[in-house]
Ligand code: AMP
Ligand code: GLY
């Protein structure tokens, strides 16, 4: 397993339950993952070397190594690896590439224009009579997107990304797109380049504060399934977005293998793609994995072999799962690290604490990042899963612990 976040801990945990998997190594891992290997996710040479020596089947968690071509490299060396190629990863690594791909294949998304000239971009937003979102083209750790409430905010956003280069070269070009008002959901599927099978539905909570206030983060909590994605809507998303994406990628000679994540906005019952990710969501992965009633390893093998159509439909536990992210106060800006975390001794059975920004030093767990833990719990109802997740969250403490108190609340209002 390549990565060190909550997503990777959840995937490692699940894969280690497969009787076909002997040992799960995680590189570089965190304070919760076992068999950590201290190789950076971007050190493709050393990762390949390790995989070769240990006869690994490699699963890539985060986008950076995928965008850097880890899958192509491993394939050249005849190493088994789960995830999309570098070309296919452009769906996430270049937002402009993704927007143009959607446009030429009639996949529903917000209308947009692309700019590298600040003056032209400014003139453009002044000419519009609707609100916009300004996005840096490249990878910016989920932060290169500015949702604007006015022309003034849009002009400032252009300044920030294109002129001040706050996100570095990722902001050499920008997309200015229509802001779609609606309800957001994550739709994650697994593809083998030919077909894509849906994973359980989920909803993230991207803003730092309750009631979706404050700046965007990587995600402060998630739950699965979400009543927002009804069967009718799921079918629409699958047909108009997912199947079309997989089919179009294949037609363009860039078959997509791996997790395909579509960030969806639903307006008037119609889904639009806000973004693609070429990997599992984090924290969506944690509740989704908790509900898996199948051997994930089998599906990873089928994905890389192009044999997903031979697999039975994945079975999901008929329960809800909720993940509350415990973060360090100050995230997504600056925050303290190296604080000792306590309370791991009394975790009830229906909960699992996935680690993200932690490290283990002399048997103690210390905070080591912005998003520190993902407390994930099952429950027979959404309400019960929420209560279970918060009961466990409240047992865990450190000096600068912070979490949202309303994870899953949006889902309750739909039931
Ligand atoms: P992205 O990284 O592209 O998913 O954008 C981050 C967040 O910005 C999304 O999760 C949405 O909440 C918001 N967003 C992005 N694009 C749009 C859009 N066209 N309309 C409204 N909100 C958007
Ligand atoms: N939780 C959103 C993401 O993984 O991009």
message = Distance between the C-alpha centers of the stretch 243-260 and the stretch 196-238? Whole Å please.
response = 23
query = Between residue 235 and residue 409, what is the spin-label point distance in nm, taking each point 7 Å from the Cα along the Cα→C-beta axis?
reply = 3.4
task = At 0.36 nm per residue, minus the direct Cα-Cα distance, what do residue 120 and residue 21 gain on full extension? Give it in nm, one decimal, please.
result = 30.2 nm
task = Provide the percentage of antiparallel DSSP beta bridges, counting only those with both residues in the stretch 1-157; round to the nearest 5.
result = 30
request  = Compare 315, 405, 104 in a GNM of the chain, Cα atoms joined below 10 Å, and give the one with the largest fluctuation.
outcome  = 104
query = Counting only DSSP beta bridges with both residues in the chain, what percent are antiparallel, rounded to the nearest 5?
reply = 90
request  = Note down the Stokes-Einstein diffusion coefficient of the stretch 1-150 in µm²/s, whole number, using a Kirkwood radius over alpha carbon pairs, 25 °C, and 0.890 mPa s.
outcome  = 138
task = In Å³ and rounded to a whole number, note down the convex hull volume per residue for the Cα atoms of the stretch 294-401.
result = 146
request  = Would you mind calculating the gained length between residue 213 and residue 153 on full extension (0.36 nm times residue separation, minus the Cα-Cα distance), in nm to one decimal?
outcome  = 19.9 nm
inquiry  = Apply the a/c threshold of 1.5 to the C-alpha gyration tensor of the stretch 156-257 and tell me whether it is rounded, prolate or oblate.
reply    = oblate
inquiry  = Quick check: the distance between the Cα centres of the stretch 337-389 and the stretch 290-307, to the nearest angstrom?
reply    = 26
note = Per-residue Cβ contact counts at 10 Å, fewest first, order 112, 167, 346 as 346, 112, 167
message = Please state the shape class of the chain: rounded when a/c is under 1.5, otherwise prolate if a/b exceeds b/c and oblate if not, all from the C-alpha gyration tensor.
response = rounded
Full-stretch length increase - residue 128, residue 195 - with 0.36 nm per residue and alpha-carbon distance subtracted = 20.2 nm
ask   = Is the shape of the stretch 168-211 rounded, prolate or oblate, going by the alpha carbon gyration tensor and its root eigenvalues a ≥ b ≥ c, with a/c under 1.5 for rounded and a/b larger than b/c for prolate?
value = oblate
In range of the label at residue 336: residues from the stretch 384-401 whose backbone nitrogen is under 15 Å from the point 7 Å along Cα→Cβ = 397-401
request  = Return the FRET efficiency for the residue pair residue 68, residue 394: r is the Cβ-Cβ distance, R0 is 35 Å, and the value is rounded to the nearest 0.05.
outcome  = 0.30
query = Taking the Cβ-Cβ separation of residue 310 and residue 181 as r and a Förster radius of 41 Å, what is the calculated FRET efficiency to the nearest 0.05?
reply = 0.45
Relative exposure of 205, 247, judged by other C-beta atoms within 10 Å (fewest first) = 247, 205
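All of the numbers you see were taken from the coordinates with simple rules; none came from a lab. Keep in mind the model is a prediction, meaning the values are calculated, not measured. All Cβ positions, even for glycine, are placed from backbone atoms using ideal geometry, and neighbour counts span all protein chains on display.
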